[in-house]
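The values are calculated or read from the model by the stated rules, or taken from the named source; none is laboratory data. Every value quoted in this text rests on a predicted model; they were computed, and no experiment measured them. Here the Cβ positions follow ideal geometry from the backbone for every residue, glycine too, while neighbour counts run over all protein chains shown. Surface areas here come from the heavy atoms of the whole protein model, side chains and all, with no ligands, DNA or RNA. Shrake-Rupley method; radii C 1.70, N 1.55, O 1.52, S 1.80 Å.
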Amino acid sequence: APPLRPFSIRLDRSSLELLPAGPVLTRRLSDLEGLFADEAAWRADVDNGDPIVYTVASSPVPETATELPQSITRIRPGDVAGELYFTKGHMHPVAEGEIYLGLEGEGGLLLFDGTDIEFLEITPDRIGYIPPGWAHRSVNVGSNDDYSFLAVYPGGAGHDYGWVLEHGFGARVYAGAAGAELRSYPQP
Ligand code: S6P
Ligand code: ZN
């Protein structure tokens, strides 16, 4: 496909929609198989209505090399046996950076390079920087509200979800009495 012509996109501040809109992806709990620590609790919640965990609404900019796509991820509040709802998480196989801009709610950005763990708090108007070579997962750390953010990323970077199944994130995020708790686990 030829490069795009210049155009503008409107971010509707009340609905948090991108206009014009591109494809929307919906991830239900059943799409997050093998990712939550408590497998039995995950299975029970899948059997009991399989709730939507998050949606990803893309702009019309395609994921092709040299283009710069954007999308808005909205994560519902919720947990599986105390482990807060999150995105699948991925590594970009072509090591390139990415930014997230918080739009609503309270989020966490869990980053893992295979050795080091970082956890950034993302609230409205805060930008999180994801350097090349860091896998990233977003967590809704708010108890009642959606967490939404805008992502801007290189279109040729690709998405490796298998890396996460193999390496994990080095830590999990739970609802604690005094807010979200990051619990790291021993590395293999
Ligand atoms: C893309 C960027 C985000 C995520 C989205 C869903 O590079 O990091 O748009 O795709 O937050 O997460 P995931 O891990 O299911 O793709
Ligand atoms: Zn990414």
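Among the residues in region 74-82, are any modelled with pLDDT of 95 or more and over 23 Å from L109 (Cβ atoms)? For region 74-82, residues modelled with pLDDT of 95 or more and over 23 Å from L109 (Cβ atoms): absent.
Just to be sure I understand, how many residues within region 131-146 are away from ligand 2 (no atom under 16 Å from the Cβ) and either touching a Lys or Arg at 6+ places or on another chain (Cβ under 6 Å) or more than 20 Å from T55 (Cβ to Cβ) (or both)? Matching residues across region 131-146 total 1.
Results for (1) within 16 Å of ligand 2 (Cβ to nearest atom); (2) under 22 Å from R172 (Cβ atoms), shown as yes or no for each residue.
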{"residue": "P60", "(1), (2)": "no, no"}
{"residue": "T66", "(1), (2)": "no, no"}
{"residue": "Q70", "(1), (2)": "yes, no"}
{"residue": "D79", "(1), (2)": "no, yes"}
{"residue": "F86", "(1), (2)": "yes, yes"}
{"residue": "M91", "(1), (2)": "yes, yes"}
{"residue": "V94", "(1), (2)": "yes, no"}
{"residue": "G97", "(1), (2)": "yes, no"}
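Among residues of region 63-79 being in contact with a Gly (Cβ under 9 Å, 6 or more places away or on another chain) and more than 12 Å from V152 (Cα to Cα), the one that is least open to solvent (accessible area, probe 1.4 Å) is I75.
The single residue among D125, D79, D113 that is out of contact with any Ser or Thr (no Cβ under 7 Å at 6 or more places or on another chain), under 24 Å from S30 (Cα atoms) and more than 10 Å from ligand 1 (Cβ to nearest atom) turns out to be D79. Of all residues in region 72-91, those satisfying the criterion of being part of a loop (DSSP other than H, G, I, E, B) and of a type in the set (S, T, Y) are Y85, T87. Within region 147-181, the residues that satisfy the criterion of being assigned to a strand (DSSP E or B), open to solvent by 40 Å² or more (accessible area, probe 1.4 Å) and away from ligand 2 (no atom under 14 Å from the Cβ) are R172, A175, A180, E181.
When residues in region 44-58 are screened for being of a type in the set (A, V, I, L, M, F, W, C), away from ligand 2 (no atom under 16 Å from the Cβ) and crowded, with 16+ Cβ neighbours inside 10 Å, 3 of them pass. Of everything listed in (1) away from ligand 1 (no atom under 14 Å from the Cβ); (2) in contact with a helix residue (DSSP H, G or I) (Cβ under 6 Å, 6 or more places away or on another chain), the single unmet condition for G89 is (1). Taking region 92-135 as the region of interest, the strands (runs of 3 or more DSSP E) fully inside it that hold 2 or more residues being open to solvent by less than 30 Å² (accessible area, probe 1.4 Å) are 98-104, 107-112, 127-130.
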